[in-house]
Amino acid sequence: MLEKLKNTFSSFVKKTLTEKKLDNAINDLKLLLLSNDVAIDTAEEICNKIIESFKGEQIGRLTSTQKMLSDILKDTITEILTPEEEIDLLAEIKKKKSEPYVIVFLGVNGTGKTTTMAKFAHLLKKNGFSIVAAAADTFRAAAIEQLSYHMDNVGIRVIKHEYKSDPASVAYDAIEHAKAKKIDVVLVDTAGRQVTDKNLMIEIQKICRVAQPDCRVFVGDSLAGNDALFQAKEFNKNVGIDANILTKLDADAKGGAALSISFETKRPIIYIGTGQKYQDLKPFDRDLFISNILEII
């Protein structure tokens, strides 16, 4: 996991740098970051931090330079992965007692959004919460059946209408059901068409207006690289993102999507998908991620 990004940083830190060679090494680092799915703005942020940190510093012995580079990278990546506001979703749900806590899941087809919803439902059940799911993707063929299949497996009821019906009304009915039955959490599935589809964004905006979600979660595929970043930026621009979940991080050798999505959205990665089972949803560990991509000297 994340081997390529780790090799990129390791090779950069271990270069024998002089002041003349620093510019070339920075350019090489930027190209390597781009090739590992780090977005251009994120790559430039990392490189600029290194350049700024070396201003007025004497590049000396190899070991001291390596230690300095390692510290700069650790500080920069920690800053990138530290959101403007942390979210402990389980704690937030516990705090809201009078009405159900509503979570809308965003993402395109193929990212594992529906499976992630089931994984999260499984996690909520383990923590003693009651849940209902809303099948508000009434567009994609078999979307309702797919959600029902996964939620049946984890023992969660699904509120659903006919295909082509108004998805916002499905979300509304699920929330009203939760209020009547004193259910703690409503999980709302949404259509995952391409983010360039204006009708999709209008539809999701309506769902959010009706549902008034407490949290809007973007589900991105780590292996999609810059496509995942583009999706996150579009959803954030059109609907707003409160938190991110990254799927398939266990299979990601590059790791750039995690850095880029954190930098661009300024929102936390709260969970990561690490396998196919319903229990394979783990809290994102920033320190572990950093240790996996940096060889700290």
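Numbers at a glance
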| quantity | calculated |
| --- | --- |
| GNM flexibility winner over the chain from K95, K237, K125 (Cα, springs under 10 Å) | K95 |
| Two-decimal log10 I(q)/I(0) for the chain, as the Debye equation yields it once each C-alpha is a single scatterer, q = 0.08, 0.13, 0.16 Å⁻¹ | -0.39, -0.86, -1.17 |
| Rounded tilt (10° steps) of 62-81 against the dominant C-alpha axis of the chain | 20 |
| Point-to-point label distance, S291-D227, nm (Cα→Cβ direction, 7 Å offset) | 3.3 |
| Rough spin-label spacing in nm, given labels placed 7 Å along Cα→Cβ, for K126 and D23 | 5.3 |
| Residue-span extension gain [L31 to A141] - 0.36 nm each, minus C-alpha spacing | 35.5 nm |
| Computed over the stretch 89-284: relative contact order in percent, which uses C-alpha pairs under 8 Å that are six or more apart | 25 |
| Förster radius 30 Å - calculated FRET efficiency between D250 and D75, Cβ distance, rounded to 0.05 | 0.65 |
| On Cα atoms only, tilt of 167-181 relative to the major axis of the chain in degrees | 70 |
| Sequence ranges 106-119, 193-206, ranked by mean other-Cβ count within 10 angstrom, highest first | 106-119, 193-206 |
| Lys, Arg +1 and Asp, Glu -1 on Cβ, resulting dipole of the stretch 145-186 about Cα centre, debye, nearest 20 | 160 |
| Beta bridge orientation in the chain: antiparallel %, DSSP, nearest 5 | 10 |
| Cα-projected label distance for K4 with D173, points at 7 Å along beta-carbon direction, nm | 4.5 |
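Here, each number is a calculation from the coordinates, and none is a lab measurement. This one's a predicted model, so the numbers in the text were calculated from it and none came from an experiment. Every residue, glycine as well, gets a Cβ built from its backbone with ideal geometry; the counts of neighbours run over all protein chains shown.
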